[in-house]
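Taking it in order: structure first as structure tokens, then the write-up.
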Amino acid sequence: MPRGRHRHSPPLHRLLPPSVIAGVPLVCAGGAWLSDDPLIQRCITAAAAVAAVVGAVVMRRWDRLAGRQVAELTRGAAGARWRHEEAMAELEGDLEESRELRTRLEGKLRAKRAELAALRGEHAALLRRYATAETERASALE
């Protein structure tokens, strides 16, 4: 069994008005066919014509309202699309800036690592010189 309002069939109150608007002129026209009295036929035919005109006016009004709703939804979708494009452009700009910053920082990091490697080499050379000097001093004392 389906659950939730969105799974139900279209409600009767949404289907009934268009059906009534279309059905009343048809019933009146059918009644005019069944009647033998010319006055009743004229009255029923006039009622069918009035019902058809009123139905056309009501349907046109509904059509205009639906058109406005579609236009509003289209405008909203266009606005959302524009905001999305703006956000994407901003994010792409931020991404480019972060890439540039990353490139600069990687260059600095490479320079610092090279400097650190040079300092380690220099430190090792100093330790070797110190060890050599200590060895020479010890052999001189012997």
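The values are calculated or read from the model by the stated rules, or taken from the named source; none is laboratory data. What you see is a predicted model; the values in this text were computed from it and never measured. Heads up, the Cβs are rebuilt from the backbone with ideal geometry, glycines too, and the neighbour counts pull from every protein chain shown. SASA here: full protein model, heavy atoms, side chains in, ligands and nucleic acids out. Shrake-Rupley method; radii C 1.70, N 1.55, O 1.52, S 1.80 Å.
Here are the numbers for the structure shown:
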item: Near pairs, Cβ below 7 angstrom, 6+ apart or cross-chain, from region 80-91 (of a type in the set (A, V, I, L, M)) to any residue that is part of a helix (DSSP H, G or I) and open to solvent by 100 Å² or more (accessible area, probe 1.4 Å); result: none
item: Condition met for Trp82 (modelled with pLDDT under 85, open to solvent by 50 Å² or more (accessible area, probe 1.4 Å) and out of contact with any strand residue (DSSP E or B) (no Cβ under 9 Å at 6 or more places or on another chain)); result: no
item: Among the residues listed as Arg42, Arg75, the single one being farther than 19 Å from Val24 by Cβ and either free of Cβ contacts under 8 Å to residues at least 40 places away in the same chain or part of a helix (DSSP H, G or I) (or both); result: Arg75
item: Single residue of Val58, Val50 found to be within 28 Å of Pro18 (Cα to Cα), open to solvent by 70 Å² or more (accessible area, probe 1.4 Å) and in a helix (DSSP H, G or I); result: Val50
